[in-house]
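The values are calculated or read from the model by the stated rules, or taken from the named source; none is laboratory data. Note that the coordinates shown come from a computational prediction; the quantities given were computed from them, not determined experimentally. Don't worry about glycine lacking a Cβ; one is built from the backbone with ideal geometry, like all the others, and counts go over all protein chains shown. In case anyone asks, the SASA skips ligands and DNA or RNA and just uses the protein heavy atoms, side chains included. Shrake-Rupley method; radii C 1.70, N 1.55, O 1.52, S 1.80 Å.
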Amino acid sequence: VVRGYSKTVSVTVSNTSPFDISFHVSKRTLSTLEQMGFTISPQAVNDLPTGRSVDLAVSLSTTTTARYDYPLGVVSTLVYLVVTGGLRFPLKIVGFVSLPQIE
């Protein structure tokens with residue numbers, strides 16, 4: 001991502017279990033992501049049928065005034081998708097913030 005812009009990528013999550021599942025990202029995690037400039041949408045999925053998939057939009061924004069001095073380089077974090085009544089599945093989010101220059 002070029003500093004001062006934003007970028008969104010799609011991440012596909014598939015339900016490979018024999019049961020419908022629901023999952024979410026915790027509010028505490030969402031708060032941490034927001035401080036880093038990341039967002040995930042949707043933040044929760046209910047009753048995803050077996051064999052079906054859903055796309056999550058993961059964005060990194062460095063466009064707001066507060067992000068004007070967004071640090072350059074790698075920014076990464078680990079997000080857990082919390083399955084209702086089940087396990088937590090890790091999702092590593094990595095971005096690279098750059099600033100083009102002519103020398």
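Key figures for this structure:
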read-out	value
The chain: most fluctuating residue of Ser14, Ser22, Ser61 per GNM, C-alpha cutoff 10 Å	Ser14
Inter-probe distance in nm under a simple model that places probes 7 Å from Cα toward Cβ, at Ser10 and Asn46	2.4
Rounded to the nearest 10 Å², the accessible area of Ser6 at probe 1.4 Å	70
Positive minus negative residues near Val11 (Lys, Arg vs Asp, Glu; Cβ under 14 Å)	+1
Total formal charge among the other residues, if their Cβ is under 13 angstrom from that of Tyr80, Lys/Arg +1 and Asp/Glu -1	+4
Hydrodynamic radius (Kirkwood) for the chain, which is based on Cα pairs only, to one decimal in Å	14.9
With 10 Å bins from 0: P(r) over segment 1-44, alpha-carbon pairs, percent	20, 44, 28, 8, 1
Percent antiparallel among DSSP beta bridges (both partners in the chain, rounded to 5)	95
Helix 27-36 axis, angle to the chain major axis (alpha carbon atoms, nearest 10°)	20
In segment 1-67, chymotrypsin sites (Phe, Trp or Tyr not before Pro) in a DSSP loop with at most 13 other beta-carbon atoms within 10 Å	Tyr5, Phe19
Taking the chain and dividing mean pair separation by its residue count, relative contact order in percent (alpha carbons under 8 Å, at least six apart)	36
Under 12 Å, Cβ to Cβ, from Ser98 - net charge with Lys/Arg +1 and Asp/Glu -1	+2
Among Thr77, Thr50, Thr39: highest mean-square fluctuation, GNM of the chain, C-alpha pairs under 10 Å	Thr50
